[in-house]
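The values are calculated or read from the model by the stated rules, or taken from the named source; none is laboratory data. Source: prediction; values computed, not measured. Neighbour counts are summed over all protein chains in view; Cβ atoms, including those assigned to glycine, are modelled from backbone coordinates with ideal geometry. Heavy atoms of the whole protein, side chains included, go into the accessibility calculation; ligands, DNA and RNA do not. Shrake-Rupley method; radii C 1.70, N 1.55, O 1.52, S 1.80 Å.
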Amino acid sequence: MDTNIFMQDQKPVSFEDYLQYNEKSRGNLGEELPVLVYRMLEYSLREELCQRFGKETQIDVFRNAGRMAGEYFAKHMLNLDQPLDSFVSELQEKLLELKIGVLRIEEVDEASGRIILTVSEDADCSGLPVLGETVCNYDEGFISGILSVYSGKTYTAVEVDCWATGDRVCRFHANTTDDE
C-alpha cells in the first residue's frame, strides 16, 4: 500500500512540531540523556555534513540550526519582558536546569550591544581533547538566537575560546549587527 496517499493532505512538519513531547512516552527512562548520546548525534551529523558539503557549510548549518533553536528557546522558555540583569539570571537558571551549561557574563557594553560571555561545563565540548579548533558552532547560533529575540536586534556570537582549543570554558563575543 502506498503510504504517500495518507500524507498528501497533511501540512508540512515544522521544527516546532518535532519539539512536542509527551512525558508519558518515556515512563521508564525519563526525559534526560547522557552527554555521550547527545554528542554521538551532534558529531556524527557534523562529520557527515563535512564529508558531503565541506567544513564551511557544516559550520553554517550548525550555526543556523543553533539560531533556530535559540529563538525558540527564548520565545517559549524565557520571560522577554524584563530588564537585562533579570533576563540573564533567568537564562542562567534555565541553562543549569536543562544541564546545557553554566553561563557567566564577563562584560556588557549596552551602548554598542557587545557582550562577552562564557559557558562552562558545556554539553558540546567540555572534556574533549585539545583538537586545535573551536567546535561550538551550534552554541554560537543558539546564543545569537536568544540575544536577538530578547533585544529585538540581530546578534552574532563567535566562539573565541573552547575546551577543544585547550581552554576550560567556552568564551563567546556577541555583537549586534544592526546599524543604529
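Here are a few things to note about the model shown:
- Single residue of segment 154-180 satisfying the filter (among the acidic types (Asp, Glu) and open to solvent by less than 40 Å² (accessible area, probe 1.4 Å)) that is nearest to the chain's Cα centre (by Cα): 159
- The set of residues in segment 126-146 that are over 18 Å from residue 42 (Cβ atoms) and free of Cβ contacts under 8 Å to residues at least 60 places away in the same chain comprises 130, 132.
- Against the conditions (1) open to solvent by 70 Å² or more (accessible area, probe 1.4 Å); (2) touching a Lys or Arg at 6+ places or on another chain (Cβ under 9 Å), residue 18 satisfies every one except (2).
- Checked against the criterion of being open to solvent by 80 Å² or more (accessible area, probe 1.4 Å), in contact with a strand residue (DSSP E or B) (Cβ under 8 Å, 6 or more places away or on another chain) and part of a helix (DSSP H, G or I), the candidates 45, 96, 36, 91 yield just one match: 96.
- Only one entry in 149, 119 is aliphatic (A, V, I, L, M), at pLDDT 95 or above, under 19 Å from residue 69 (Cβ atoms) and surrounded by 21 or more Cβ atoms within 10 Å (Cβ to Cβ), namely 119.
- Verdict on residue 123 being of a type in the set (A, V, I, L, M), touching a residue at least 40 places away in the same chain (Cβ under 8 Å) and under 20 Å from residue 34 (Cα atoms): yes
- Residues that are under 14 Å from residue 84 (Cβ atoms), small (Gly, Ala, Ser) and out of contact with any Ser or Thr (no Cβ under 6 Å at 6 or more places or on another chain), drawn from segment 113-152: 151, 152
- Answer residue from segment 64-88, given it is among the polar types (S, T, N, Q) and open to solvent by 60 Å² or more (accessible area, probe 1.4 Å) and is nearest to residue 154 (Cα to Cα) among those: 64
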